[in-house]
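The values are calculated or read from the model by the stated rules, or taken from the named source; none is laboratory data. Nothing here was measured: the structure is a model prediction, and the numbers come from that model. Neighbour counts run over all protein chains shown; Cβ positions are idealised from the backbone, glycine included.
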């Protein structure tokens with residue numbers, strides 16, 4: 001799996017060097033509103049009574065999710081992990097009071113403990129030049145690890161096969177097939193959001209002990225001014 005992580009690291013290191021702390025800098029295209037929408041979908045994993053919960057942002061980039069958390073005065077204890085040292089260094093300067101981890105999420109050991117919520121915005125939408133089967137295995141490993149490290153819930157996005165065009169470097173999964181695997185292997189407490197106007201969907205996985213009373217659905221989050 002290391003080869004996929006290495007390819008991802010090199011790709012995003014270059015996009016950030018070229019475009020900086022922007023949606024282009026994390027290869028989300030030039031429309032910053034789309035980037036903000038994806039961030040909002042990550043925060044929709046929160047359940048009522050989340051105050052002071054811990055959240056781990058896998059592939060945190062330059063910390064744009066935390067910027068949204070601060071903008072909306074949401075009470076969370078945030079940690080971010082990313083392969084790209086240049087992004088992590090930028091995030092540390094912007095928000096020195098947060099925990100920023102430069103490394104491969106799949107290599108994190110037990111000393112990092114668990115988090116109430118684990119979110120992943122973008123890693124599973126991109127496969128670069130990796131083959132489909134190899135990326136399928138990587139995706140399953142990543143999803144399993146995120147779920148094992150959460151106490152409450154997980155959110156991640158992925159490209160949908162219900163699209164009118166396909167791009168070679170992106171990673172597409174049939175939502176029904178992926179949902180079936182998750183419910184067979186991980187949890188029956190799942191929500192799938194395929195309703196927003198992008199060719200992707202967000203999946204929300206919860207531990208069996210928690211009722212699905214969503215926090216994010218009850219408020220409109222402020223994006224970029």
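Limited to the stretch 163-192, what total is found for residues that are closer than 18 Å to residue 153 by Cβ, touching a residue at least 40 places away in the same chain (Cβ under 8 Å) and part of a loop (DSSP other than H, G, I, E, B)? The number of residues fulfilling the criteria is 2. Close Cβ contacts (under 7 Å, 6 or more residues apart or on different chains) running from residues in the stretch 69-81 that are over 21 Å from residue 101 (Cα atoms) to residues that are part of a loop (DSSP other than H, G, I, E, B) and at pLDDT below 95 comprise 71/222; 72/221; 72/222.
A quick yes/no check of all residues on (1) at pLDDT below 95; (2) out of contact with any helix residue (DSSP H, G or I) (no Cβ under 8 Å at 6 or more places or on another chain); (3) farther than 21 Å from residue 157 by Cα; (4) not in a loop (DSSP other than H, G, I, E, B):
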residue: 37; (1), (2), (3), (4): no, yes, no, yes
residue: 62; (1), (2), (3), (4): no, no, no, no
residue: 68; (1), (2), (3), (4): no, no, no, yes
residue: 87; (1), (2), (3), (4): no, no, no, yes
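Checked against the criterion of being within 16 Å of residue 155 (Cα to Cα) and either surrounded by 14 or more Cβ atoms within 10 Å (Cβ to Cβ) or touching a helix residue (DSSP H, G or I) at 6+ places or on another chain (Cβ under 6 Å) (or both), the candidates 24, 46 yield just one match: 46.
The set of residues in the stretch 37-55 that are closer than 17 Å to residue 146 by Cα and either without any contact (Cβ under 8 Å) to a residue 12 or more places away in the chain or under 9 Å from the mean Cα position of the chain (by Cα) (or both) contains only 42.
Out of 142, 128, which single residue is closer than 20 Å to residue 81 by Cβ and part of a loop (DSSP other than H, G, I, E, B)? Walk me through it before giving the result.
Working: 142 fails: part of a loop (DSSP other than H, G, I, E, B).
Being closer than 20 Å to residue 81 by Cβ and part of a loop (DSSP other than H, G, I, E, B) holds for just one of 142, 128, which is 128.
Evaluated against (1) at pLDDT 95 or above; (2) under 15 Å from residue 59 (Cα atoms); (3) touching a strand residue (DSSP E or B) at 6+ places or on another chain (Cβ under 8 Å), residue 173 falls short on exactly one condition, (2).
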